[in-house]
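A short reminder: the numbers here are calculations on the coordinates, not readings from a lab. Fair warning: this is a prediction, and the values are worked out from it, not measured in the lab. In this analysis, Cβ positions are derived from the backbone assuming ideal geometry, glycine residues included, and neighbour counts consider all displayed protein chains.
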Amino acid sequence: MARAARLDLRGRAVSPLVSVVIPCRNEVSFIGRCLDSVLASEYPGEMLEVIVADGMSRDGTRECVAGYAARDPRVRLIDNPVGVTPVALNRAIEEARGMVIVRLDARAAIAPDYIARAVESLESDDVDCVGGAMRTLTEGTGQFAEVIRIALTHPFGVGNSHFRTGSGSCSDQPRWVDAVYGACWRREVFDRLGGFNEHLERSQDIEFSTRLRRAGGKILVSPEMQITYYARGTFLGFWRRNWGNGVWAVLPLACSSGIVVRWRHLAPLALISGLMGAIAAGVWLESRWPTAVVAGPYLAANIAASVHAAFKEGKASVACLMPVVFASLHLAYGFGSAWGCVRLAAALARPARTASGVAS
């Protein structure tokens with residue numbers, strides 16, 4: 001059911017004011033591209049504002065954003081002295097005047113029609129949040145960059161995360177999902193649910209989406225809305241990112257109600273737990289069979305997925321590196337989650353401390 005269009009005094013449809021909020025810190029290599037994509041949007045310029053909440057960057061990001069603000073009054077720079085993403089988002093949303101809120105990362109760039117399509121989708125009473133299909137690229141041109149890109153778009157790497165795997169699939173249709181990237185909401189969603197959980201350095205978007213769905217809200221991914229994300233293209237950067245994501249798949253349990261992540265976020269922890277258990281059983285039984293029973297199927301699935309991914313992309317030359325990158329994704333995430341469990345136990349044992357306090 002579509003909402004009634006807002007009309008001016010002459011009966012013409014009026015586009016709602018859209019506020020694009022961008023949390024960032026030390027992203028000088030990417031923030032300009034992000035802002036250029038927003039300011040080039042095919043949306044009425046007078047109905048668009050951009051608020052960048054900077055975590056006191058020291059690499060030139062602040063100066064870059066200040067330059068855009070000096071040239072275009074639609075761009076504003078605000079401070080985020082705390083330096084964590086949810087605080088940046090909440091401060092930006094408080095400053096925002098728009099009836100529609102669009103959240104972007106500094107490493108993102110949107111298609112010219114992204115905002116217009118988002119507003120059109122939000123005119124439906126059924127849609128509380130909408131996002132697009134992520135087109136993943138990687139920074140740099142190292143030997144692992146292209147392999148990392150492929151791993152982050154394949155179901156074996158990211159599970160049933162439809163916004164990650166849907167880009168480029170012409171037959172894919174809009175569908176209801178549990179979370180999206182480049183999320184766009186009606187302002188009233190925040191009036192009802194409040195802001196982002198400021199105890200969560202990461203996973204605050206997953207936690208907010210969970211709250212929204214529990215309140216009866218619906219989240220739509222629309223493949224027609226194209227958004228590009230520039231992932232870290234080095235093996236070490238990839239490992240560190242996955243480790244951190246694994247940690248913050250578990251820590252939200254310390255400061256949120258119920259389990260906010262999905263099964264795909266906990267699958268690497270299950271893999272690690274199974275491997276560690278099998279190794280322990282093998283030592284006790286003085287046999288390699290327990291480890292082989294657990295590791296064998298994973299290795300077979302990894303190799304099969306690697307071959308499939310390489311040939312699907314038409315790049316057979318990367319097939320030999322795909323198993324390494326898939327394994328690093330799963331193992332770094334899984335060990336990160338295991339460490340997150342240790343920190344969660346410590347946090348629960350000290351109820352006076354918040355999850356952010358544990359993280360510091």
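So what's the back-of-envelope 222 nm ellipticity for the chain, counting only DSSP H runs of four-plus at -39500 (n - 2.57) apiece and dividing by all residues, rounded to 500?
Estimated from H runs of four or more residues: -14500 deg cm²/dmol.
Tally Lys/Arg at +1 and Asp/Glu at -1 over every other residue whose Cβ is under 13 Å from the Cβ of Ala70; what's the total?
Surrounding charge for Ala70 is +2.
Given the chain, what percent of its DSSP beta bridges are antiparallel, to the nearest 5?
So the antiparallel bridges in the chain amount to around 35 percent.
The chain: percent of C-alpha pairs farther apart than 29 Å?
When every Cα pair of the chain is considered, 44 percent fall beyond 29 Å.
When the Kirkwood radius is taken over all Cα pairs of segment 203-346, what Stokes-Einstein diffusion coefficient follows at 10 °C and 1.306 mPa s, in µm²/s?
Here the translational diffusion coefficient equals 91 µm²/s.
Please list the non-local residues whose amide H lies under 5 Å from the amide H of Glu201, H modeled 1.01 Å from N, same-chain partners needing a gap of 5 or more.
Residues meeting the criterion, in which the H sits 1.01 Å from N, do not exist here.
To the nearest 20 Debye, how big is the dipole of segment 44-191 about its Cα centre, given +1 on the beta carbon of each Lys and Arg and -1 on that of each Asp and Glu?
Around 400 debye, computed over segment 44-191.
Given labels modelled 7 Å from the Cα in the Cβ direction, how far is it in nm from Ala280 to Glu224?
For the pair Ala280/Glu224, the computed spacing is 5.3 nm.
What relative contact order, as a whole-number percentage, does the chain give when Cα pairs under 8 Å and 6 or more residues apart are counted?
Across the chain, relative contact order equals 17 percent.
What does the highest-first list of 344-350, 129-135 look like by mean Cβ count within 10 Å?
Ranking, from highest mean packing down: 129-135, 344-350.
Could you work out the local net charge near Asp54, counting Lys and Arg as +1, Asp and Glu as -1, over the other residues with Cβ closer than 14 Å to its Cβ?
-1
Helix by helix through the chain, keep the DSSP H runs that span 27 Å or more along the axis on Cα and average at least -1.0 on Kyte-Doolittle, and give those back in order.
In the chain, the long hydrophobic H runs are 263-285, 289-312, 322-349.
Under 15 Å from the Cβ of Asp191, count the other residues' Cβ atoms, weight Lys and Arg +1, Asp and Glu -1, and hand me the total.
Once all neighbours under 15 Å are counted, the net charge is +2.
Consider just the alpha-carbon atoms of segment 1-114 and return their Rg together with their Dmax, both in angstrom.
14.9, 49
Which length gain, in nm to one decimal place, applies between Trp176 and Asp59 when the Cα-Cα distance is subtracted from 0.36 nm times their residue separation?
Taking 0.36 nm per residue and subtracting the Cα distance, the gain is 38.2 nm.
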